[in-house]
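Here the structure is laid out as structure tokens; the discussion comes afterwards.
The values are calculated or read from the model by the stated rules, or taken from the named source; none is laboratory data. On a predicted model such as this, the values are computed, not experimentally measured, just so you know. Positions of Cβ are generated from backbone atoms using ideal geometry, with glycine treated the same way; all protein chains shown enter the neighbour counts.
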Amino acid sequence: MACDARCVLMRCRWYKAHASFILVAMIRADPLPAVSPLLPRVPAWALPDGPVEHQPDAAFYAGAALTSLDQLVRSDPPWAGAWRQRLALKSAVAAVRLAARGEDEAALRDVWHLRQPGADPGPAGTILDAWRRLASQPPVIDGERLVKVMELLGLRWDDAFADLPGMIRDMLGERRPAPFAAAAIASHVIALSPGSEVLAWWLADLVVAQKLRWPRPVPLLMAQAFAPALRSQGTRAAATKIRPGEQKEFERAVCLAVAQGAAEACRLGTELGRRAGRLMAVAPKLRAKGAGEVIFLLLNEDAVSGSLATKNLSRFGARRLFERLQKFEAVRELSGRPTFRLFGL
């Protein structure tokens, strides 16, 4: 009995001595080390250094780039949520531009994060919502979800779109490579409604994720809508945007857009992985009761409000916590303002 009592006492003392360590470890079961492991990058030879005229060459670049991106996706780093949401923001900027609006990344962050809970984020904010949902939900589509996505994108429903979910399901059984499947669904959507290009790219990213069996899509193609990859070859002044019509030309362009988008996504992953490593390295130094919640949000969101209030953290406590994280250079302030600040990796 005396031995049992001593053992219990020793265990209690051990837990008290290591309580702070245990709490930090509970933030995530497999916390990042101070230095992140080497992440996949698209090699220089896998990106064209000039015009690419032939479809097989474009397909080669797309396949090589997607191989690196696939490795990154399957490694499932703890900051993958923030990475996908940052890519969703970039896609939303291009989608807003396509809708003839002028909001940039900073403006979209503001309309989303500074609104009252449950408030309408406005037309630009709902477009961002569509891309945030794409990045955070499994790559499946049915009629109900399609109706909701079109509503968020500001598009009017037409019965001609009703067959799209079935068409996408059929693509899973085909041996068509992911970039060509993406080009096919985008072409079909724009053929149904020329004004629905933003939906075409949203579904194209979903199809890529389905073909590669990713748990959630990685927003890639919308952000390339105004990039050189989707413009005709030739002089800069004479180049025009490539739209579906001549299918082989469009497939070549989509392959190049996939290659460029995958390379940019991998570069962003390397950058965020380094910052997340720094954040997790300083986590044991944080004593605020709600620090674990804040770290979780930083690893899963593009941005977090500096005046965040949770069950375990007051607004004042959040401000002090973010100030401390800034001193450790573990987060960045994203708004550039002295008030209503937003923080992220």
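In this structure, is Ala283 hydrophobic (A, V, I, L, M, F, W, C), farther than 30 Å from Ala62 by Cα and part of a loop (DSSP other than H, G, I, E, B)? For Ala283, the condition - hydrophobic (A, V, I, L, M, F, W, C), farther than 30 Å from Ala62 by Cα and part of a loop (DSSP other than H, G, I, E, B) - is not met. Would you check if Phe296 is under 19 Å from Gln85 (Cβ atoms), of a type in the set (Phe, Trp, Tyr), touching a residue at least 24 places away in the same chain (Cβ under 8 Å) and not assigned by TED's automatic domain parsing to the domain that holds Trp83? When the stated conditions are applied, Phe296 passes them.
Yes/no per residue for (1) over 18 Å from the mean Cα position of the chain (by Cα); (2) assigned to a loop (DSSP other than H, G, I, E, B); (3) modelled with pLDDT under 90; (4) outside the structural domain of Ala178 (by TED's automatic domain parsing):
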residue: Arg243; (1), (2), (3), (4): yes, yes, yes, no
residue: Glu251; (1), (2), (3), (4): yes, no, no, no
residue: Val254; (1), (2), (3), (4): yes, no, no, no
residue: Arg267; (1), (2), (3), (4): no, no, no, no
residue: Gly317; (1), (2), (3), (4): yes, no, yes, yes
residue: Phe322; (1), (2), (3), (4): yes, no, no, yes
residue: Ala330; (1), (2), (3), (4): yes, yes, no, yes
residue: Phe340; (1), (2), (3), (4): yes, yes, no, yes
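The set of residues in the stretch 202-235 being touching a helix residue (DSSP H, G or I) at 6+ places or on another chain (Cβ under 7 Å), of a type outside the set (S, T, N, Q), in a helix (DSSP H, G or I) and at pLDDT 95 or above consists of Trp202, Leu203, Ala204, Asp205, Leu206, Val207, Val208, Lys211, Leu212, Met222, Ala223. So, in the stretch 188-219, of the ones that are buried (at least 24 other Cβ atoms within 10 Å of the Cβ) and among the aromatic types (Phe, Trp, Tyr), which residue ends up nearest to the chain's Cα centre (by Cα)? If we take residues in the stretch 188-219 being buried (at least 24 other Cβ atoms within 10 Å of the Cβ) and among the aromatic types (Phe, Trp, Tyr), then Trp202 is nearest to the chain's Cα centre (by Cα). So, of the residues in the stretch 16-56 that are surrounded by 14 or more Cβ atoms within 10 Å (Cβ to Cβ) and farther than 30 Å from Leu297 by Cβ, which turns out to be modelled with the highest pLDDT? Across the stretch 16-56, the extreme among qualifying residues is Gln55.
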